[in-house]
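Derivation of every value follows stated rules applied to the coordinates shown; laboratory data play no part. Values in this document were obtained by computation on a predicted structure and should not be read as measured data. Here the Cβ is made from the backbone with ideal geometry for all residues, glycine too, and neighbour counts use every protein chain on show.
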Amino acid sequence: MFGWEFPPHNSGGLGVACFGLTRALSQLGLDVIFVMPKKLNVGAPWARFVFADMPHVKFRGINSSVTAYQTSSKTSMMSIRRNGAEIYGNDLMSDVLRYALAGREIALEEDFDVIYAHDWLSFGAGIMAKEATGKPLIAHVHATEIDRTGGRSSVNPDVFELEKEGMEAANVVVAVSEYTKQMIVKEYGIPASKIRVVHNGIDDETMPKPGGWLPRLRQLKSSGFKIVLFLGRVTLQKGPDYFIRVAKRVTEKNPKVVFILSGSGDMEGSIMQLAAQLGVSDKVLFTGFVTGPERYEMYAAADLFAMPSVSEPFGITPLEAMKTGTPVLVSKQSGISEVVKHALKVDFWDVDEMANKILTLVDHPGLSQTLSENAVMEANRLTWMEAGKKVDSIIQEVA
């Protein structure tokens, strides 16, 4: 299994998914060799970790005013097959291609039955391992370049082509939602018959643990304020600008509601400017990236968790909020909206409807309590073990 991150060294849901799935597969009796691109202080008792630091392979860099691999990643993969270790550049794509080369070497050294690659960062390694050994490949798509950039016209062509090549090379493609499956069919031309949907899950092991102490949140609550929480990357995909516009609508009608935006990303500065322009700087708190016990406390303190994503393949953060008993509002353009019934749902662009739902929730404690109780029950039903059983059946299908 080729991955790119694993807790505690993870930036988002991809690492959490790798943790949850490997644990479930191990409990189902599978032996997992988890490969990462470099040596990190990570591990798990249920999987053997292999790191793609390869001292016996020498990489040669050159000083150049141009960036290598400005053409498609398909050309890049052809180049790496032809030139071996002659990898140029010092950027993310170069790291991905180095990992692909290492994937081939590791595959020739290990004993295994099936190759499993998570997302485009690992697809190159999966492709090379399959070419070297002839073993079947499963490509697990957690998000697409179209999700990340907001549309086909804005994609990085290198990333898009590597995604496409990985899915074409795979024997089976796993999508985290029906929403993602349809996008793969439409935008990448992959046959629907080749794609299996496996929704993400949650359990006690992958949940943030309690124990944090955020006195300002407690002070707000004791003063009678209601808290609406955004927790995620501050990027176009996650819709933080809609969150701020909703804050404007809601606080105009109910000044006792505070919006907390927790996370970091390339839109952080512009989102702060937007809050100032709309006159809600005193109603929106920016916390930066939080994890661990503080993350748990954020969920527990919130009266509502909001995920106004423009394009969300699944969305693990709403499940985390639900498991703490916090009501959630999710965009209809998300995979999680397919599997949760007890959540508020709205189109990401419908700021007025989003504001109306928030105002209704904070004004009606009975509704909030009902959503809270049902949220916990739903989160307890959507487990990583259920996801692991589906993945196990796919592995048995191709092995």
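Tabulated results
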| item | result |
| --- | --- |
| Shape box of the chain [Cα atoms, principal axes, largest first, Å] | 64, 51, 39 |
| Length-normalised contact order for the chain - Cα pairs under 8 Å, 6+ apart - percent | 15 |
| Rough spin-label spacing in nm, given labels placed 7 Å along Cα→Cβ, for S193 and L92 | 3.5 |
| Inter-site label distance for K186 and W349 at 7 Å from Cα along Cβ, in nm | 1.3 |
| Computed magnitude of the charge dipole of the chain (debye, nearest 20; Cβ of K, R +1, Cβ of D, E -1) | 520 |
| CD proxy at 222 nm, helix term only [per DSSP H run n ≥ 4: -39500 (n - 2.57); per residue of the chain; nearest 500] | -14500 deg cm²/dmol |
| For I202, distant residues with modelled amide H under 5 Å away | T383, W384 |
| Under 29 Å from the Cα of K39 - lysines, other chains or at least 8 residues apart | K58, K74, K130, K135, K164, K209 |
| Of K283/K323; K181/K323; K181/K390, those spanning more than 24 Å from alpha-carbon to alpha-carbon | K283/K323; K181/K323 |
| Phi-based couplings in Hz for region 348-362 (Karplus 6.51, -1.76, 1.60; Gly and Pro marked x) | 4, 7, 8, 4, 5, 5, 4, 5, 4, 5, 5, 4, 5, 5, 6 |
| Modelled FRET efficiency - R0 41 Å, K253 with D204, Cβ distances, 0.05 increments | 0.60 |
| Ranked H342, H9, criterion: other C-beta atoms within 10 Å, fewest first | H9, H342 |
| Table column - 3J(HN,Hα) (Hz), region 273-284, Karplus curve with 6.51, -1.76, 1.60, x for Gly and Pro | 5, 5, 4, 5, 4, 8, x, 10, 4, 7, 10, 10 |
| Rounded to 5, percent antiparallel among DSSP beta bridges of the chain | 5 |
| Calculated from backbone phi, Karplus (6.51, -1.76, 1.60) coupling profile of region 185-199 in Hz, x at Gly/Pro | 5, 6, 8, 10, x, 7, x, 4, 5, 8, 10, 10, 9, 10, 6 |
| Computed over region 142-248, Cα set: Rg, Dmax in Å | 19.2, 57 |
